[in-house]
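> For reference, the structure I am asking about is given below.
The values are calculated or read from the model by the stated rules, or taken from the named source; none is laboratory data. These numbers were taken from a predicted model, which means no experiment stands behind them. In this analysis, Cβ positions are derived from the backbone assuming ideal geometry, glycine residues included, and neighbour counts consider all displayed protein chains.
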Amino acid sequence: MKLWQDKIRRVTPYTPGEQPQKARMVKLNTNENPYPPSPLAAEAIRRFDTDRLRLYPDPAMTELVEALAAYHGVAADMVFAGVGSDDVIAMAFQTYFNSDKPILFPDVTYSFYSVWAELFGIPYARPKLDAEFRIDASTYFGENGGIIIPNPNAPTSIYEPLESIEEILRHNRDVVVIIDEAYIDFAGASALELVDTYDNLLVVRTFSKSRSMAGMRIGYAIGCAELIKALNDVKYSFNSYTLNRLSIAAGTASLKDEAYFAAQIEKIKATRAKTAARLKDMGFVFPEPAANFIFARHPQRRGEDLLAFLRERDIYVRHFKEERIREYLRITIGTEEEMEQLFCALAEYQ
Ligand code: PMP
């Protein structure tokens, strides 16, 4: 082995959901929104002056940050934006998780958290979700170096009531607590209402799911000004120009279309309810879904077999190999037609 080979950093990367490039498929594997983004975002892209691409974008993303601040009714210095919430969370790990004590996140959760912790050399522990995949707040009361919890959780789709989140916050005033709200628009009350009370709370959001803009890569975080300042200092030490001009313009425009946004969410929730009822009729079992996906298993069928069977029919769902969840499939809510195709295929399964 050459010397340089001994010295490079080796990591086990996060495995993103498959992105097959087929024209005809039913893609229910990465929790994308089946409906197009707001027509106002499309209009902003059409009207975009490509000559402006000569110039670097605004490193502070002022237009988008101010629009987000107005949208959420907070001060602009409480908002941070990045290239999808993955970028925002990675920066947050580097900024806030700087202790010898382990950070905490659930044993079943978004698998990127452990990858970032490994990459940045942050020790971590994973309190177990209970038998129903619910969070037991008391498992987060011990000494720790920080906490990150998605609400609703992925891949379970379970929403924890704000009282439970607040209980965790009350017991952890000395560390930063991140609530990853990638799917909150399909669920219930947001932890945003707690940011004024808890200066150690950072709430992370994304345009990838409820705003149908996964391909644009826009994420953001809201927290007290001091938290946001620290996050920006790390960002500027890494890459000052994160969001590109087109993303800033399209993201800002999308925020002006509340009626469209609310209508798409209602459509997805209605399809979710119908999908849940049909899955139940077929004998699937699953926790009450609060996100734009359902985490289901069938007591008589293997998760891996169902995955392969659907795949052969160009229907993609997500499967995880971890022991505790290997019999489950995570099924994104698509259009009514896409769900119909899923059910036609499942009906054929012997
Ligand atoms: N958090 C959770 C819980 C997710 O499921 C995802 C989607 N993979 C993300 C964050 C990242 O989404 P994005 O980078 O597209 O904003």
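> Which one of E322, E340, E327, E336 is among the charged types (D, E, K, R), farther than 25 Å from T109 by Cα and touching a residue at least 12 places away in the same chain (Cβ under 8 Å)?
Going through E322, E340, E327, E336 in turn, the sole match is E336.
> If you don't mind, another one. For segment 1-44, give me each residue that is of a type in the set (S, T, N, Q), within 23 Å of the chain's Cα centre (by Cα) and modelled with pLDDT of 90 or more.
Kept after step one, since they are of a type in the set (S, T, N, Q), are these residues of segment 1-44: 5, 12, 15, 19, 21, 29-31, 33, 38.
Restricting the remaining residues to those that are within 23 Å of the chain's Cα centre (by Cα) gives 12, 15, 19, 21, 29-31, 33, 38.
Once the filter is applied, which keeps residues that are of a type in the set (S, T, N, Q), within 23 Å of the chain's Cα centre (by Cα) and modelled with pLDDT of 90 or more, segment 1-44 yields T12, N29, T30, N31, N33, S38.
> Identify all residues within segment 212-226 that are crowded, with 22+ Cβ neighbours inside 10 Å, aliphatic (A, V, I, L, M) and away from the ligand (no atom under 14 Å from the Cβ); write none if there are none.
Once the filter is applied, which keeps residues that are crowded, with 22+ Cβ neighbours inside 10 Å, aliphatic (A, V, I, L, M) and away from the ligand (no atom under 14 Å from the Cβ), segment 212-226 yields only I222.
> Hey, among the residues in segment 8-48 that are under 27 Å from Y236 (Cα atoms) and either touching a strand residue (DSSP E or B) at 6+ places or on another chain (Cβ under 7 Å) or not aliphatic (A, V, I, L, M) (or both), which one's nearest to the ligand (Cβ to nearest atom)?
So, considering only residues that are under 27 Å from Y236 (Cα atoms) and either touching a strand residue (DSSP E or B) at 6+ places or on another chain (Cβ under 7 Å) or not aliphatic (A, V, I, L, M) (or both), the one nearest to the ligand (Cβ to nearest atom) is P16.
> Scan segment 276-287 and give yes if some residue there is of a type in the set (V, I, T) and in a helix (DSSP H, G or I), otherwise no. Before you say what the answer is, go through the steps one by one.
Applying the first criterion (of a type in the set (V, I, T)) to segment 276-287 yields 285.
If we keep only those that are in a helix (DSSP H, G or I) too, we end up with none.
No, that holds for no residue.
> Out of I248, I331, I265, report the one residue that is part of a strand (DSSP E or B), on the phi < 0 side of the Ramachandran plot and not charged (D, E, K, R).
Only one candidate passes the filter, namely I331.
> In segment 172-211, what count of residues is obtained for those that are touching a strand residue (DSSP E or B) at 6+ places or on another chain (Cβ under 9 Å), away from the ligand (no atom under 16 Å from the Cβ), in a loop (DSSP other than H, G, I, E, B) and not polar (S, T, N, Q)?
4
> Got a number for residues in segment 120-163 being β-branched (V, I, T), within 16 Å of the ligand (Cβ to nearest atom) and not in a loop (DSSP other than H, G, I, E, B)?
3
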